[in-house]
Each structure stands twice: as C-alpha cells, then as structure tokens.
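The block underneath contains the structure these notes are about, expressed in structure tokens.
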Amino acid sequence: MQLPRVVIAAVFFVIGALIAIPALIDGTGGESSASTAATTSPGPSGGPDPSGSPSPSATPAPVTASIGSRVSCPDRTVRVTVRNTGDRTEDFGIEKDDGTAAVPGQIPANSTRTVSVRLREDRTTRVTVNWANKRIESATVKANCEKAGAAPAKPPEELPHTGPDAVLWARAATGVAVILTGAIIFWYGGIWPRRRDRVFPEKSK
C-alpha cells in the first residue's frame, strides 16, 4: 500500500467530515427546534400553557373590514370590503387623509358590502374604516396608474429556495463531495500501474 495516496485520501476524508458533519447537525437541530416552537401554545401570561387550553379572548366585533392592496387603473380605486356578522344594520364610515370628506355607509345584518374608494395619483393615501366611533381597519395605498404603462410581467410561480437551510445543505453536499474525492484518490492509487518501463532501450552488445 502506497503511503502518499493513503495520506492524501485521509486528508480529504478529514476535510469533508469537518464540513459535512457540523452542517448536518445544525440542519437537523434547527428543524426540531422549529417544530417544537410551532406546537407550543402560549398561556395567559405569554408563556407556555401547561394545560394546553387556549387563553380567553375578547368578544369579536360584529363589523369587520378589509382594504385591498391592488389599485384598479385607470380609475385609481381600491376595494374596501365591510362585513356585518351581527343581527342588526350597522353604520360605518370610510376616511382618507387627502382632505376629502368621509364616505358614510350602512350594511345590513349578516351581509357583506364592497365600496370602491378613489385615490390620489402618485401619492400615498391612508384609508381608514370606522365603526362605532373606533377604527376597525386602516391601510396605506398608493396609485401609480399614469406611470404603470404596460402590464407588469407575470411573477414566477415558484422561487428558488434560499436562506439558512439552503446554506447548511450546500455545505453538507460540499463535504460529501470532498469525501468522495478522497475515496476516488484512494481507489485509483491502488490500481495505478506500478510497472516502470525503461525510458531508454538497452544498448546492444
């Protein structure tokens, strides 16, 4: 057995193990800790609840609202959806911080109503939905209809996976590749021909 090839292969094995083993340990440890955090339910004081029972919550309001994030061009409007889960008609109001008057409205019991709110061009507008003299929803929206031009390209359906997990697995793959390289060197050194041919032919007598 040739000593140089054994030393070289051992060096590759050690380097590959130093790269791959810590990455695999960090990857499996991060997954287990994330799953533990996801299954722990908070208690009334913010810590884990040993009984597993959910903490008491306040009574939900009968009127809720949602403000769309997509602006409709060229009319520069955004959709505001108001829902009433109560058993009576409720009043609500939609306000903007552009100096215009509030938009009052009513919504019957157990129904949904959608209102189109017009925005300013190229300026952010704060849209607020009020009910019973309190704010139930608020969002900042900006209309860029004049600068939009052509329709934006469709975003890719699936983005490449990045982040700490991808880095750890890349390191593990690199370590495995280094170990395989050492194994190839060890194997190839064993089958390398040891016969040495003469460089110069023998002199004839």
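Could you list all residues from segment 76-121 that are touching a helix residue (DSSP H, G or I) at 6+ places or on another chain (Cβ under 8 Å) and of a type in the set (Asp, Glu)? Outline the logic, then answer.
Pass one, segment 76-121, residues touching a helix residue (DSSP H, G or I) at 6+ places or on another chain (Cβ under 8 Å): 76, 121.
Scanning segment 76-121 gives a single hit, Glu121.
Is there a residue being touching a residue at least 24 places away in the same chain (Cβ under 8 Å) and touching a Pro at 6+ places or on another chain (Cβ under 8 Å) anywhere in segment 96-106?
Looking through segment 96-106, none of the residues is touching a residue at least 24 places away in the same chain (Cβ under 8 Å) and touching a Pro at 6+ places or on another chain (Cβ under 8 Å).
Could you please find all residues in segment 121-157 being surrounded by fewer than 10 Cβ atoms within 10 Å (Cβ to Cβ) and at pLDDT 90 or above? Outline the logic, then answer.
Step one: filter segment 121-157 for residues surrounded by fewer than 10 Cβ atoms within 10 Å (Cβ to Cβ), giving 133-134, 147, 149-157.
Of everything in segment 121-157, those that are surrounded by fewer than 10 Cβ atoms within 10 Å (Cβ to Cβ) and at pLDDT 90 or above turn out to be Asn133, Lys134.
The values are calculated or read from the model by the stated rules, or taken from the named source; none is laboratory data. Because the structure is predicted, anything quoted here is derived from the model rather than measured. All Cβ positions, glycine included, derive from the backbone under ideal geometry; neighbour counts span all protein chains shown.
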